[in-house]
């Protein structure tokens, strides 16, 4: 599948802030005489040459005097800009003549990636950043949808720079990838979208902000989740990036935006996101990701470890922070509820769990959550029984800067019946112990979360 490395190369320069603030940064030089073509509305200018290492494909099949590849680049820029505006993003900023005109400049040449986007701050410290782009000339002789998709991806970085030039690489790449594959369609792009779904789902034990091996591009699942949680609202992405531009670091930014938009925290959003990923692709239950936006059509899924009631099992998050692990307990005809109890995840660790009740078709029918920090024991239970032909999915997340390690046990317990006291069977001893520990801490005046 040669298109995969072609379309998933890095596209932000190292030390992004340096490029944003360096007035001395020169524009790309080319290996031959430079031709330029402007878009009809003057928003964009494409620079190219037909000589030397930077030479691009100059076939002009329609005979209009403009290479077909340049026309495709201009069309993609137009499509991207219009799509971003329709989806509620900030407007692209003009170049303010850094590149010789007010247009956003696109340089087609020999580079070591499919494309790069460079921010360029104007003299006015209160003004937002513009940008310029580089596109690999090697793409101009190949698939038109691949070339156009790369252009749209790079152009979205220009939109992001209008919010901030100081965010994390995974935020830039995940969001640009999410926007990249929506306005341009093609079989090669469908292949890429499925590849990215599988890549992210197969590695939930990697931190959400991990980079390398194209993992940050597969992070497109997070902005998709952000826009679709609680009902699709594309304005939430603009709101998130507005906060990212006003806060130090992606953790603080997501935490503040989650509080404003969802009345929860970064950790709460991450637990929800991790649960949603369990219902993606091959396990879609029709209640989570919107199948009409960046659809997944492969039988991919998060890795799930089977467990049995009464067995002790280890939940070890080897990486930090914001990683997830999945376990599943079959109902096996037992309609009782489920409880989980774990020892403390570590003195400085932070952890959470959600028990999700599944029906016989694998759809979510109920859930219960709990979270702890530091030296606290983790315990949660469902209030209702499992469907006898269903299962309990347990989603464990580590949210602190120290990896969480826990020994846990799952038990079957009586469901809580409104107006009656539930009878707890002997097999629920670990859950009872956790409740007694909770009460003892209350009596001692210790903090209980």
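With springs connecting C-alpha atoms under 10 Å apart, model the chain as a Gaussian network and identify which of 180, 160, 287 has the largest mean-square fluctuation.
287
Within the stretch 378-420, whose backbone N sits under 14 Å from a point 7 Å along Cα→Cβ of residue 316?
Within reach of a label on residue 316: 403-408.
Give me 56, 30 sorted ascending by neighbouring Cβ count inside 10 Å, so fewest comes first.
30, 56
How many percent of all Cα-Cα pairs in the stretch 48-149 sit more than 24 Å apart?
In whole percent, the share of Cα-Cα pairs in the stretch 48-149 beyond 24 Å is 29.
Based solely on its DSSP helices, what 222 nm [θ] is calculated for the chain when runs of n ≥ 4 H residues each add -39,500 (n - 2.57) and the sum is averaged over all residues, nearest 500 deg cm²/dmol?
Result for the chain, helices only: -9500 deg cm²/dmol.
Among 342, 408, which comes first, second and so on when ranked by fewest other beta-carbon atoms within 10 Å?
Least to most surrounded, the residues fall as 408, 342.
What percentages, rounded to whole numbers, describe P(r) for the stretch 334-378 computed over all alpha carbon pairs with 5 Å bin width beginning at zero?
Percent of Cα pairs in each bin: 6, 19, 24, 18, 13, 10, 8, 2.
What ranking, highest mean first, results for peptides 142-153, 73-84 when packing means the other Cβ atoms within 10 Å averaged over each residue?
142-153, 73-84
Contour minus end-to-end for residue 252 and residue 335, with contour as 0.36 nm per residue of separation and end-to-end as the Cα-Cα distance?
Length difference between fully extended and current span is 25.7 nm.
Could you give me the radius of gyration and the Dmax of the chain, taking only the C-alpha atoms into account and expressing both in angstrom?
25.5, 85
I want to verify a result. In a Gaussian network model of the chain, Cα cutoff 10 Å, which of these has the top mean-square fluctuation: 416, 188, 35?
Checking each option, the largest mean-square fluctuation is seen for 35.
So in the chain, what percent of DSSP beta bridges are antiparallel if you round to the nearest 5?
Approximately 80 percent, going by the DSSP bridge assignments.
Which of 411, 177 comes first, and how do the rest follow, when ranked by fewest Cβ neighbours within 10 Å?
Least crowded to most crowded, the residues run 411, 177.
A short reminder: the numbers here are calculations on the coordinates, not readings from a lab. Here the structure is a predicted model, which means the values were calculated and not measured. Every residue, glycine among them, receives a Cβ derived from its backbone with ideal geometry; neighbour counts consider all protein chains shown.
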